[in-house]
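Please read the structure below before turning to the comments.
The values are calculated or read from the model by the stated rules, or taken from the named source; none is laboratory data. What you are looking at is a predicted structure, and each value in this text was computed from that prediction instead of being measured. In this analysis, Cβ positions are derived from the backbone assuming ideal geometry, glycine residues included, and neighbour counts consider all displayed protein chains. To get the accessible areas, we keep the full protein, side chains included, count just its heavy atoms, and leave off ligands, DNA and RNA. Shrake-Rupley method; radii C 1.70, N 1.55, O 1.52, S 1.80 Å.
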Amino acid sequence: MGYVWQLWADGPTILIALFEGALLAAVLALMAAGLSLVFGVMRVVNVAHGEFYMLGAVAAWFIASQIGGSPAVSFVAALIVAPLLVGALAAMIDITVIKKVNYDPERTIVATIGLLYIIQQGTLMGFGAVPRAVEPPFDHRIAIPWWEKVDGVWEMYWPWGLSISTYKVFVIVAAIVIISALRYAMTHSKAGLIMRATQLDSETAQAFGIPVGRVYAGVFGVGCGLAALAGVLILPIQQAHYLMGGEALLSSFIVVIIGGLGSFGGTIIAAIIIGMTDSILTIFFSPIIAKIVATLLVALVLVFKPTGLFGTKRQ
Amino acid sequence: MLLQTHGLSRYFAGITANEDVDFDLQKGEIRALIGPNGAGKTTFTSMVIGRLAPSKGSIIFEGQDITHLPAHERVRLGMAYTFQITSVFANLSVFENVALAARRKMRAKDATLTAHVTELLEKVGLAGRGEDLASDLSYGHQRLLEIAMGLASAPKLLILDEPTQGLAEAEIAAFKSLVRSLVPETTVLLIEHNMSVVMELADTITVLNAGQTLAFGTPSEVQANAAVQSAYLGGSEDA
Amino acid sequence: MSVTAKTLSLHLGLIAVLFALQFILGPYQQGNIARIMVLATYAIGYNVLFGYTGLLSLGHAMFFCAGMYGLAIPMYHFSVPAELAFLMALAIGAGFSLLVGLLALRTIGVAFMIVTLMFAQAVYLIILYAAEWTRGDEGFVLVQSTRTLFGVDLTDDTAKYAAALVLFATALLFTLWLVRAPTGRVLIAVRENEDRASLLGYDIHRHKLIAVVISGTISAAAGAGYALLFGNTGSTFATVQYSILPLLWVLLGGAGTVLGPFLGTLFMYYLIDYAADVTNAYMLIAGAALVALTLFAPTGIAGTVRKHLWRWLP
């Protein structure tokens, strides 16, 4: 019984962790959805994916600081323009580099490792090593009450620090909306149909007049644009820095692999589970242990269950 | 008895590629395996050599059950296989291609190996081409190289998957005398479309149709078999 | 001249030139070349797996670090003499690569790359976590007086150069022997056409495992040599960057050639060294080189020489 009471007393901490976990899951889901989309349709692994996330954040900072004015206006502008710019850049990279290695899985990996350094170091040259912050467009805190038993009577109180920021709520909602829209577009729009046809059999798709080259460029653009979008959304919470892509890349690898390579639904479920557990585990363990466990888990999943924990379809 | 299969079957996602194939191969004979396209010849040989696991049934080689042995161990027991689609080491020299096949068994000094490989290249008609890259050979010559690689390990059973495809008439004639010279030391299982090659070379013929054994016999028996004729003509008359 | 004679004179010639260089170069360049020879040994190890066997690992830093800490921790914490510590590092490198090989070789292609990347990442995190033993990020410096091998003081420039040359020459001549020996030929066959090699009676899995262990052990030897000769360790050597660098060196020099790893390391070392004087974004050079090599020169320097000039180049 004592244990339950302890857990109850820890309730506020756990609640905050759950909320932060949901935030992490939202960002991870956006990033991993992009990586998974590219892998699913094009069968290539984009090692530079994290750098597009970083580029999104840096571009958003740049746009917001150029426009100035109220944080809301400049942020909305950045939210729209930055992912489009990054997506267009990615589509160009697809045409000039990845297409040129014929989407060979191994050569694409080596080429995107090169791109990773070019983008990361180019950003360092252009914007320097200083972290760049942007004010959130709105940021109210909603306090959350909790109950405790005082002299046998339940009393509501407002624990210190138990509040959530409206901006973070917005990020979670935005991620849900974007992913649902993407899912809907993939199953209901003509572009989605073309994409799925290309995914199933690119040669037959080509024979039926689908411009596979342009589909690939588009998919790569959208995939990297999603990473950039995640970068923009996280910017007011986390600051933009040229090295922020590395960790994001590893986390999205973990999510995509646990979810089953190329399985969209599995990726989303994995993002939620990883985001939540990561956040909860860090209450009880040092974050580095959690990372070691997650990394080894991913390696062992690939070794022993290459379809992922939630992917059922074979490629 | 060199090779036997019992009830060998293979299904691909509900499609039956081979169904209950019972197959016996005597030592020292040349057996042809024929059948219309899609009859399951390649599936059958792939299971025999170990590139494909059977759905059920068993494979016995020299009295030993090899159903669950990996391909490389079957090769070590004395099987050799030449690919239907040429699968030589394109970026390596012709000599090295054959040397790779010979080296495992020979473990010999360089000089002996060189002599052996040179002799094999001569035997299949590729004398003097040893230094060329395999990818520089014409398609027909790559097929001959395949055969040299198959012979290099001095196998007990040599499986030739459509060996004469892409060969010129003169090369086919040379191929026929080459295969004849191999028996009885080597037993040959020949998957072949070219009927004149089959009829001239084979001691016995197994006919596969729709994944099952349709007929077995000497070339003249098989030629006279009404069921075989109907399968090849795609006719619908009762056999 | 026979192919063997040409091959031997070329590779022994390189070793002789490197030996002679120490009398020509000033202390700064001599130090650079010593470092390049140790790093080239790492690249030689990487090349056995990537260049000759066709397996692309993204996690070789874990083997480099197995050697580095396999030597440095016994020396630093337990005062083990350098000779024994070096042997321990080799044993740890071999054992660890065997373990990684057994697990990672259950996968192929892209999955193999990601698995090696993840294992290396776990090693990196463990080095950070075990800060009590490794001093994490900053690492530790081996005490000068302990850095002797058979009585020779390795902190002396000449001795350091000689030791680096011995390490490098051993690895170079070993791979030269390996790729001309039957086992090495089979590794090449596995790279060229796995299916065919298996149907010639070769156990593919066993040969890949041999390649992982040889490659991992040479990489560990390089890591141990690095710690011993230059005295320092640190978790930086376990980062992804140190897994990418040997890939870059080997690609530049020529994958699947014995000389390639050295040539690639030599050029890239000086290129990055030069770039680092100009900008702090010097890894931009590495990125651009990777993309350019993939697009325009997948055979690298020695590979191009082999294609157009010396067909016999091993």
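Of the residues that make up the range C:154-169, is at least one among the polar types (S, T, N, Q) and under 29 Å from C:A85 (Cα atoms)? Checking the range C:154-169: at least one residue is among the polar types (S, T, N, Q) and under 29 Å from C:A85 (Cα atoms). Within the range A:173-201, the residues that satisfy the criterion of being open to solvent by 40 Å² or more (accessible area, probe 1.4 Å) and among the polar types (S, T, N, Q) are A:S180, A:T187, A:S189, A:Q199. C:L259 meets each of the listed conditions (1) open to solvent by 10 Å² or more (accessible area, probe 1.4 Å); (2) over 13 Å from the mean Cα position of the chain (by Cα) apart from (2).
If you filter the range C:158-190 down to residues that are closer than 23 Å to C:G225 by Cβ and touching a Lys or Arg at 6+ places or on another chain (Cβ under 8 Å), you find that the one that is modelled with the lowest pLDDT is C:V179. Checked against the criterion of being small (G, A, S), within 18 Å of the chain's Cα centre (by Cα) and buried (at least 22 other Cβ atoms within 10 Å of the Cβ), the candidates B:G35, B:G78, B:G28 yield just one match: B:G35.
For the range B:139-160, the set of residues classified as charged (D, E, K, R) and either buried (at least 22 other Cβ atoms within 10 Å of the Cβ) or closer than 13 Å to C:R196 by Cβ (or both) consists of B:R143, B:E146, listed by residue number. Which residues, taken from the range A:105-115, are more than 7 Å from chain C (Cβ to nearest Cβ) and out of contact with any Ser or Thr (no Cβ under 9 Å at 6 or more places or on another chain)? Matches in the range A:105-115: A:T112 only. Taking every residue in the range B:78-91 that is within 8 Å of chain C (Cβ to nearest Cβ) and pairing it with any residue that is open to solvent by 40 Å² or more (accessible area, probe 1.4 Å), at least 6 positions away or on another chain, the pairs with Cβ-Cβ distances below 6 Å are B:F89/C:E192; B:A90/B:S135; B:N91/C:E192.
Only one of these is open to solvent by less than 20 Å² (accessible area, probe 1.4 Å), more than 7 Å from chain A (Cβ to nearest Cβ) and in contact with a strand residue (DSSP E or B) (Cβ under 9 Å, 6 or more places away or on another chain): C:L142, C:L117. Name it. Exactly one of C:L142, C:L117 is open to solvent by less than 20 Å² (accessible area, probe 1.4 Å), more than 7 Å from chain A (Cβ to nearest Cβ) and in contact with a strand residue (DSSP E or B) (Cβ under 9 Å, 6 or more places away or on another chain), namely C:L142. All conditions in (1) over 22 Å from A:A26 (Cβ atoms); (2) hydroxyl-bearing (S, T, Y); (3) in contact (Cβ under 8 Å) with a residue 24 or more places away in the chain hold for A:Y167, with the sole exception of (1). Determine, yes or no, whether B:A101 is assigned to a strand (DSSP E or B) and either open to solvent by less than 70 Å² (accessible area, probe 1.4 Å) or within 14 Å of chain C (Cβ to nearest Cβ) (or both). For B:A101, the condition - assigned to a strand (DSSP E or B) and either open to solvent by less than 70 Å² (accessible area, probe 1.4 Å) or within 14 Å of chain C (Cβ to nearest Cβ) (or both) - is not met.
Given the options A:A82, A:A64, A:A33, name the one that is farther than 28 Å from C:L284 by Cβ, buried (at least 24 other Cβ atoms within 10 Å of the Cβ) and small (G, A, S). One residue alone meets the criteria, A:A33. Among the residues of the range C:224-243, which ones are buried (at least 24 other Cβ atoms within 10 Å of the Cβ) and either under 30 Å from C:R306 (Cα atoms) or without any contact (Cβ under 8 Å) to a residue 40 or more places away in the chain (or both)? The answer is C:S243, and nothing else.
Residues are listed down the side, and each one gets a yes or a no for (1) assigned to a helix (DSSP H, G or I); (2) of a type in the set (G, A, S); (3) over 15 Å from A:V41 (Cα atoms):
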position	(1), (2), (3)
A:W160	no, no, yes
A:V169	yes, no, yes
A:I172	yes, no, yes
A:A175	yes, yes, yes
A:A181	yes, yes, yes
A:T187	yes, no, no
A:A191	yes, yes, no
A:R196	yes, no, no
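The residue that is nearest to C:M118 (Cα to Cα), among those in the range C:228-251 that are hydrophobic (A, V, I, L, M, F, W, C) and over 14 Å from the mean Cα position of the chain (by Cα), is C:V240. Just to be sure, is C:L103 in a helix (DSSP H, G or I), surrounded by 16 or more Cβ atoms within 10 Å (Cβ to Cβ) and modelled with pLDDT of 90 or more? So C:L103 passes the test. Only one of the numbered conditions (1) assigned to a helix (DSSP H, G or I); (2) more than 11 Å from chain A (Cβ to nearest Cβ); (3) open to solvent by 10 Å² or more (accessible area, probe 1.4 Å) is violated by C:F63, and that is (3).
Applying the selection to the range C:191-218, what residues are among the hydrophobic types (A, V, I, L, M, F, W, C), more than 25 Å from C:G70 (Cβ to Cβ) and either away from chain B (no Cβ under 13 Å) or buried (at least 22 other Cβ atoms within 10 Å of the Cβ) (or both)? Selection gives C:A197, C:L199, C:L200.
Taking C:L313, is it more than 14 Å from chain A (Cβ to nearest Cβ), out of contact with any strand residue (DSSP E or B) (no Cβ under 6 Å at 6 or more places or on another chain), more than 17 Å from C:L56 (Cβ to Cβ) and not β-branched (V, I, T)? Yes: the conditions hold for C:L313.
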